[in-house]
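Remarks on the structure that follows.
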Amino acid sequence: MKHLTVITTGGTIDKVYFDAKSDYQVGAPQIGEILAQLGVAFEFEVVPVLRKDSLEMTDEDRSAIRRAIEQQPHRHVLITHGTDTMVDTARVLAGIPGKTIVLTGALNPARFQGSDAVFNVGCAVGAVQSLGDGVWIAMNGRIWDPAHVRKNRSANRFEEID
């Protein structure tokens, strides 16, 4: 892989404290800074599409994400996304020809000590380079088929389903 297109949509990975009440807001995309700090050996471009919590995403938002991917000239696409509806978006993206698409996010904001963001991004970068065309989810140290995974909110992790 020589080039990675990164589509950002918001979600916990980009959340920051907003005020003294500890309210969170989705901030600027963090992945460009993460990739630069890791010293990756490929070119990347960050394409912000949304800045939303995934629970607030609409069908129109998912269509905008799909259009943004279809317009990209490069094969490898990584999407940062909120974890609550990541599977829903992944299923909407199925069938885009000639693309390897991997969605990832974080259960804790990237700016926080102990966040899973860097680990998940690293896993997603490895996945997008080694998988074939299609749509995948990289979370909790595993690569998931969106047709066979869900987020278990009570356990705060992804798990396989039939």
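Determine, yes or no, whether M139 is touching a residue at least 60 places away in the same chain (Cβ under 8 Å), within 24 Å of L55 (Cα to Cα) and of a type outside the set (K, R).
no
Check A155 against each of (1) part of a strand (DSSP E or B); (2) modelled with pLDDT under 95 and name the one condition it does not meet.
So A155 meets the others, but not (1).
Please give the number of the condition H81 fails out of (1) at pLDDT below 85; (2) in contact with a Ser or Thr (Cβ under 6 Å, 6 or more places away or on another chain); (3) within 20 Å of I143 (Cα to Cα); (4) not small (G, A, S).
(1)
Name the residues in segment 119-144 that are outside any strand (DSSP E or B) and surrounded by 15 or more Cβ atoms within 10 Å (Cβ to Cβ), would you?
The answer is F119, N120, V121, G122, C123, A124, V125, A127, V128, L131, N140.
Taking segment 82-102 as the region of interest, how many residues are assigned to a helix (DSSP H, G or I) and crowded, with 20+ Cβ neighbours inside 10 Å?
4
Looking at segment 14-50, which of the residues that are closer than 15 Å to A110 by Cα and at pLDDT 80 or above is surrounded by the most Cβ atoms within 10 Å (Cβ to Cβ)?
The extreme case among them is I31.
Among the listed residues I69, I65, which satisfies the condition of being under 12 Å from the mean Cα position of the chain (by Cα) and among the aliphatic types (A, V, I, L, M)?
Values: I69 fails: under 12 Å from the mean Cα position of the chain (by Cα).
Going through I69, I65 in turn, just one is under 12 Å from the mean Cα position of the chain (by Cα) and among the aliphatic types (A, V, I, L, M): I65.
Within segment 108-116, does at least one residue satisfy the condition of being buried (at least 23 other Cβ atoms within 10 Å of the Cβ), at pLDDT 95 or above and not in a strand (DSSP E or B)?
No - not one qualifying residue is present in segment 108-116.
Condition test on G105, is it surrounded by fewer than 20 Cβ atoms within 10 Å (Cβ to Cβ) and within 14 Å of the chain's Cα centre (by Cα)?
no
Answer yes if at least one residue in segment 96-106 is within 19 Å of Q30 (Cα to Cα) and in contact with a Lys or Arg (Cβ under 8 Å, 6 or more places away or on another chain), and no otherwise.
no
The values are calculated or read from the model by the stated rules, or taken from the named source; none is laboratory data. Note that this is a predicted model, so its numbers are computed, not measured. Cβ sites come from the backbone with ideal geometry, for glycine too, and all protein chains shown count toward neighbours.
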